[in-house]
Structure formats: structure tokens, C-alpha cells
1. If you build a Gaussian network model of the chain, linking Cα atoms that sit under 10 Å apart, which residue out of F175, F138, F186 swings the most?
2. Counting only residues 5 or more places away or on other chains, whose amide H sits under 5 Å from the amide H of I220 once H atoms are built in the peptide plane?
3. So if a site counts as exposed when it's one of the GluC sites (Glu not before Pro), its DSSP state isn't H, G, I, E or B, and it has at most 16 other Cβ atoms within 10 Å, what's the longest stretch of the chain without one?
4. Which value, in debye to the nearest 20, gives the size of the charge dipole of segment 63-182 about its Cα centre, when Lys and Arg are +1 and Asp and Glu are -1 at the Cβ?
5. Trypsin sites (Lys or Arg not before Pro), restricted to segment 31-117: which are DSSP loop and have at most 12 other Cβ atoms within 10 Å?
6. Tell me the relative contact order for segment 22-91 as a rounded percent, counting alpha carbon contacts under 8 Å between residues six or more apart.
7. For segment 30-41, just list the computed ³J(HN,Hα) in residue order, Karplus coefficients 6.51, -1.76 and 1.60, θ = phi - 60°, integers in Hz, with x standing in for Gly and Pro.
8. Could you please put L237, L163, L136 in sequence from largest to smallest accessible area, using a 1.4 Å probe?
Amino acid sequence: MEKQQNGTYSSDEYPVKRGLSAYVIALRPWSFTASVTPVALGSALAYKDLGSWSVWVCLATMLTALSIHAAGNLVNTYFDYQEGVDSKQSDDRTLVDHVLTPNDVAHMGAACYIIACIGFMTLVWLSPARMEHLALIFFGGLSSSFLYTGGLGLKYVALGDLLIFLTFGPVTVLFAYLTQSGQLSFLPLCYAIPLALNTECILHSNNTRDMETDKASGIITLAILIGKTFSYMLFTLMLFLPYIAFVIMGLHFTKWFLLPVVTVFLAFSRERDFRKGKLKRLPHQLAQLNLMFGVSYVVACLLATRTSLPGLSVA
């Protein structure tokens, strides 16, 4: 496949199978739980902390987070294809199978970033937060979504896991908390850790599955650096550490923190799949677990009394 002189791909050289479903699939909506749950958690914490909540601010925050996430997915698709990382064996074959052209993916990514900026401007208008605080976190998250595979390409130098942990954990939870409360606080960063660890399991299972193809394409991921045995150990630690934390918190603070522990049975199934090398569909299955884990965590925070939540006990 060769580019034209203007850097685009001709439709004759790149036969595609366009359709609404093709564009939707390219966004990888199955992964959106990683954005929805931290926004819900940050909003819930702000409500418990201050006793007020705006549905419009929440919706604008959700739109902004999902748009950045979708744009990041498309940037990842584009650069993985350009770098020769994606193949017929890859989970994302949007460009490999000629479902869309690289230009289609690039234009969709730009559109998602524009929508995210519209969401940000809406929040500047609706949210009680200072614009500079909103801008700091917003543009930090936006930059992260691009730099994962674009620009510095942090995924390709084994820094992708750290970036995803921070972006879909502390950064997004803090952003949602800020948009509702108007305040910066250390509190949502702490509450974000269990959810961030669970979310990182999705990426780590994906990178472990793709170790051989990633290695062949010349990139370095954390899974490649530490090998299969230590990748399994790290996965198990990240998967079950939040449950241990919730049991301790449930015994010392409020029984509602035991609610997310109900999902541990699914976690054991996902651990078994990882251990037996059943990795092909594991990221999708972990995204389902992430949704149930995140929703139960948010519900637990909402049902608990304000004084029983760590960090909120002082009025």
C-alpha cells in the first residue's frame, strides 16, 4: 500500500468496507468502561463530599472523557498500523483488514478530539471549577491519549502501562470530582487506585497476548520486559489487590465496601483464563468485569454514610 504525494491513500489502492458498524467498531466501544466508571466514581465522591450533584456537568464530563478515550483508540489504531504492529492476528484489524482507510481513522480521531474540546468548553461554562484547573487536567488527559502511541509513542518503550494506570485512574477520577465540586483534592486520587489497577489488567492482558507480534515488530512493552511468568504474577497482583483492600476497608469502615468483592468470582475465572493462556478474548472479558467492579464500587460509595467513608469523616 503506497501513499499519494499528499500523504493520503487513494480509494482505488485501498478498497474498504465502509458502513456505520465499521466506524463504531473502530472506536472499540467495548473498552469504554475504562472511562465511564472513573467518571462515575469521581462524581459520586463529589456528591458524598459536598452533597450536591449536577446531571449536566456529569453528562458533559462523560462526553469529554469518552471522546478523548475514543480518540486515543483511533490514534492507537493508526500508529500501530503505521509501525507495523498490527497484523492479521491482532485484536484490532480495522486497517489491516481494510475495514477503513488510515485517512478515515485519522479524520475520526480529529473529530473525537474536537468533540472533547466542545465538552471541555461546556464544562468551563457549567462547572464551578476554575478554568485553569480544568484545562490542566483536560489537556493532560488529551495529551496522554495521543502520546500513548503517537508522538513519543510511550507504548513502544514500555511506559504505556503506567500511562494507562494514571489516565484511567487518578486523572479521570480527579477530573470528574473537580468538575462537580470545583475543588482539587488528594482524596479522589486515593479512591481511584483500586479501579485503576482493575483497568490496567485489561491492557496488561492485551500486551501479554500480543507479546510475540509486538516483539517481532520491534517495540517493547512491560509484558515483553518481564516475560510471561512475571506478567502473570503482576496480573494476579493487580487483579486481586483491590479485593483485599475492599475486605479490609469493609471491616474497618463500612460494610458497603464489601459490595465490589462479589465480583471476585468473575476475577478468579479471568485469572484462570490468563494462567491457561486463553488470552484472545480476555481483554473484552476483563472490560465486562471492570464495568461490574466499577459500578459496584460507585454504588458502595453512594450507599455508605459520609462519615463512614475514609477521608470524608470530618465535616
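The values are calculated or read from the model by the stated rules, or taken from the named source; none is laboratory data. Keep in mind the model is a prediction, meaning the values are calculated, not measured. A quick note on method: Cβ atoms are made from the backbone with ideal geometry, for glycine too, and the neighbour counts reach across all protein chains shown. Ligands, DNA and RNA are stripped out before the accessible areas are found, and what is left, the full protein with its side chains, is counted by its heavy atoms. Shrake-Rupley method; radii C 1.70, N 1.55, O 1.52, S 1.80 Å.
1. F186
2. Counting only residues 5 or more places away or on other chains, the set is V157, A158.
3. 84-315
4. Its charge dipole is roughly 320 debye.
5. K88
6. About 41 percent, as a whole number.
7. Karplus values, whole Hz, x for Gly and Pro: 4, 8, 5, 4, 5, 9, 5, 5, x, 5, 4, 5.
8. L136, L237, L163
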